[in-house]
Amino acid sequence: MSTLFELVLMAPEAAVEMVGDALVALDALSVSVEDADALTPAEQALFGEPGMPPPREGWQRSRVVALFPAEAAAREAAALLQPQDFFEGCQVLGVQAVVEQDWVRLTQSQFDPVEITPTFWIVPTWHEPPAQAEQIIRLDPGLAFGTGTHPTTRMCLRWTALHGAKGQRVLDYGCGSGILAIGASKFGAAGIDAVDIDPAAVESTTLNAAANHATLNAGLPDAAKGEYDLVLANILATPLKVLAPLLCQHVRSGGHLVLAGILARQADELKEAYAPWLALTVSDEEDGWILMTAQRS
């Protein structure tokens with residue numbers, strides 16, 4: 001393994017963006033920003049739920065780490081930054097050697113097969129399926145949300161596995177990686193539409209479906225047509241509330257609506273938002289997240 005070098009800086013929030021841009025211009029291989037007060041009483045949360053202020057560029061005390069291919073390049077970058085006006089209030093903490101990792105292998109080691117039910121597993125392509133797996137989805141971490149590692153994804157897949165989808169027409173709204181649509185295919189769905197506002201998610205869904213021999217139609221939201229036996233939406237509480245009339249109108253008589261991305265404390269507001277159309281109930285809970293479902297009578 002070759003050795004890389006980290007230039008470590010301290011920067012106030014107002015300077016983080018300019019310092020980061022300058023480091024990139026100075027040929028840093030990567031730039032990361034961390035809360036210098038992490039794991040202390042002064043730690044700040046930047047990334048909240050919908051409805052909270054948008055994420056900022058950095059923390060009040062940000063630790064900026066830039067990776068360079070050589071020690072001389074890291075020290076030259078530090079020397080060039082210090083006289084700049086935007087560097088006021090910043091501090092160079094030092095330059096240190098870092099042994100280059102096999103990042104691909106390191107990343108792969110963090111993703112093991114994920115159990116949905118004892119016989120249904122999500123398995124990365126670099127793993128062999130567990131011996132007890134009767135049904136698997138092959139899925140690697142990628143551009144879109146939904147690798148099976150998050151409780152919301154697992155609960156949706158578990159619901160489909162336990163209730164089945166044989167012969168059903170299914171809509172996966174906000175499909176991300178396409179994992180819920182692929183899961184429905186594995187359990188016998190006859191026609192599947194997977195839609196997302198993000199073209200990258202549509203592409204990811206198409207590729208993942210092909211890798212799993214799942215037949216589905218992936219597209220932007222206007223590809224959702226008519227009524228479905230099963231409507232799945234694993235998004236977040238705020239957009240789910242906004243989408244209530246749209247999602248409910250896609251559920252046919254006798255059909256099911258399955259919603260995730262909801263914290264346990266948000267159950268009542270979701271019930272209220274959907275009450276004019278369907279009566280939601282909590283069907284599953286894991287790590288503070290809940291699955292809410294309804295059936296049209």
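Before moving on, here are some points about what is shown:
- Per this entry, K166 is counted among residues that are under 19 Å from T293 (Cα atoms) and basic (K, R).
- If you check K271, K241 for being within 20 Å of the chain's Cα centre (by Cα), farther than 21 Å from G191 by Cβ and in the same structural domain as H150 (by TED's automatic domain parsing), only one passes: K241.
- Filter result (closer than 19 Å to E227 by Cα and aliphatic (A, V, I, L, M)) within region 276-297: L278, A279, L280, A294
- Criterion violated by I262 - all others in (1) of a type in the set (V, I, T); (2) at pLDDT 95 or above; (3) under 29 Å from P124 (Cβ atoms) satisfied: (2)
- Output for region 244-265, where each listed residue is open to solvent by less than 20 Å² (accessible area, probe 1.4 Å) and either over 20 Å from the mean Cα position of the chain (by Cα) or among the polar types (S, T, N, Q) (or both): A244, L247, C248, H250, V251, G255, L257
- If the condition is being open to solvent by 50 Å² or more (accessible area, probe 1.4 Å), closer than 16 Å to I290 by Cα and in a helix (DSSP H, G or I), then region 228-243 contributes T238, K241.
- Considering (1) modelled with pLDDT of 85 or more; (2) out of contact with any helix residue (DSSP H, G or I) (no Cβ under 8 Å at 6 or more places or on another chain); (3) not charged (D, E, K, R), the lone condition that A45 does not fulfil carries the number (1).
- Of everything listed in (1) modelled with pLDDT of 95 or more; (2) among the β-branched types (V, I, T); (3) touching a Leu at 6+ places or on another chain (Cβ under 8 Å), the single unmet condition for I235 is (1).
The values are calculated or read from the model by the stated rules, or taken from the named source; none is laboratory data. Source: prediction; values computed, not measured. Don't worry about glycine lacking a Cβ; one is built from the backbone with ideal geometry, like all the others, and counts go over all protein chains shown. SASA here: full protein model, heavy atoms, side chains in, ligands and nucleic acids out. Shrake-Rupley method; radii C 1.70, N 1.55, O 1.52, S 1.80 Å.
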